[in-house]
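Just below is one structure, and these are the notes that go with it.
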Amino acid sequence: MPLFYELINGFAKIAIWHIAEEKNFFLKKVPLQREITHPHKQLQHLAGRYLLQHLYPDFPYHLIEIADTRKPFLPNEEYHFSISHCGDYAAVIVSKDHRVGIDIERVTAKVERIQHKFLNEEELEMVASWRLPVDSMLTDQHLNFLTLLWCCKEAVFKWIGSGGVDFKNDIHLKPFDLNFDEGIINCEFIKEEKNHLKIKYKFFDGLCLAWVATK
Ligand SMILES: CC(C)(COP(=O)(O)OP(=O)(O)OC[C@H]1O[C@@H](n2cnc3c(N)ncnc32)[C@H](O)[C@@H]1OP(=O)(O)O)[C@@H](O)C(=O)NCCC(=O)NCCS
């Protein structure tokens, strides 16, 4: 069963699908909503739409519109939802009354090279202060937590939905307990006003998931 993870709480449902099926499996339930030529990207897109229906069988996927920012949405806001994919995984979060954002990332060394592009000075100091059990800064755990910071900012970006976000200056992640399984990171999104957000995260083997849900 390729349903890899499911979490249902009072105000949101979250699921991850491990894509092991052919395109036709998904096409029986949901259509490709935009032109996608790359076969694996087609599968990722379809798996995301499929999961929306898995979580809410009455999800009106045929009413989904795509904003100029590429954010998918339902005009009547019957559901708020967010989709992410990486490799053979698709993740979604759906809520009836909370604004949501989700991101799933594979842990790779690439994040080490680009950290200065998405982390501000305070966050880079936090990274430098991490006292992880092994000497090398390039340990697996270091990469896990660095990937987590990227994943959090992407989830907040999707929660915002309107684009025009400077990852360094607009999204501030606060120091958190380094817990390898799951946890919460406090965040401030500073644009016209200050928004305090709680980002939840969970690690799986080589994968990191982060999500936001607010009223
Ligand atoms: C839009 C973006 C978040 C997509 O991320 P990605 O890594 O390509 O892919 P993901 O699989 O995580 O997410 C793709 C899904 O996000 C959703 N999405 C796309 N744009 C979105 C937006 N503006 N808001 C909310 N959700 C969006 C879509 O559902 C899409 O899947 P679908 O087309 O199958 O429906 C990303 O490309 C982006 O622009 N990030 C901001 C980059 C940035 O500003 N970086 C600066 C710091 S270095």
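The values are calculated or read from the model by the stated rules, or taken from the named source; none is laboratory data. Quantities reported herein were computed from a predicted structural model and do not represent experimental measurements. For neighbour counting, all protein chains shown are included, and Cβ atoms are generated from backbone atoms with ideal geometry for every residue, glycine included.
For region 134-151, check the following and say yes or no: at least one residue is surrounded by 12 or more Cβ atoms within 10 Å (Cβ to Cβ), under 24 Å from ALA15 (Cα atoms) and among the β-branched types (Val, Ile, Thr).
The answer is yes; a qualifying residue exists.
Does region 53-71 hold any residues that are of a type outside the set (Gly, Ala, Ser) and within 10 Å of the ligand (Cβ to nearest atom), and which are they?
Result: ILE64, ILE66, ASP68, THR69, ARG70, LYS71.
Checking the condition of a type in the set (Val, Ile, Thr), within 15 Å of the ligand (Cβ to nearest atom) and not assigned by TED's automatic domain parsing to the domain that holds ASN186, which residue from VAL92, VAL165 passes?
VAL92
Could you please give the count of residues in region 6-50 that are away from the ligand (no atom under 16 Å from the Cβ) and aromatic (Phe, Trp, Tyr)?
The total comes to 2.
Go through (1) under 28 Å from ARG34 (Cβ atoms); (2) surrounded by fewer than 17 Cβ atoms within 10 Å (Cβ to Cβ) for ILE104 and report which single condition fails.
For ILE104, the failing item is (2).
Among the residues of region 95-109, how many are in contact with a His (Cβ under 8 Å, 6 or more places away or on another chain) and within 11 Å of the ligand (Cβ to nearest atom)?
Adding up the residues that qualify gives 3.
Let's see how each residue does on (1) surrounded by fewer than 17 Cβ atoms within 10 Å (Cβ to Cβ); (2) in contact with a Lys or Arg (Cβ under 8 Å, 6 or more places away or on another chain):
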site: ASP58; (1), (2): yes, no
site: HIS62; (1), (2): yes, no
site: PHE73; (1), (2): no, no
site: GLU78; (1), (2): yes, yes
site: SER82; (1), (2): no, yes
site: ALA90; (1), (2): no, no
site: VAL94; (1), (2): no, yes
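Which of the residues spanning region 153-198 are acidic (Asp, Glu) and touching a His at 6+ places or on another chain (Cβ under 7 Å)?
GLU188
Of the numbered conditions (1) under 19 Å from LYS13 (Cβ atoms); (2) of a type outside the set (D, E, K, R); (3) loosely packed, with under 13 Cβ neighbours inside 10 Å, ALA109 satisfies every one except a single condition; which is it?
Tallying (1) under 19 Å from LYS13 (Cβ atoms); (2) of a type outside the set (D, E, K, R); (3) loosely packed, with under 13 Cβ neighbours inside 10 Å, ALA109 fails exactly one: (1).
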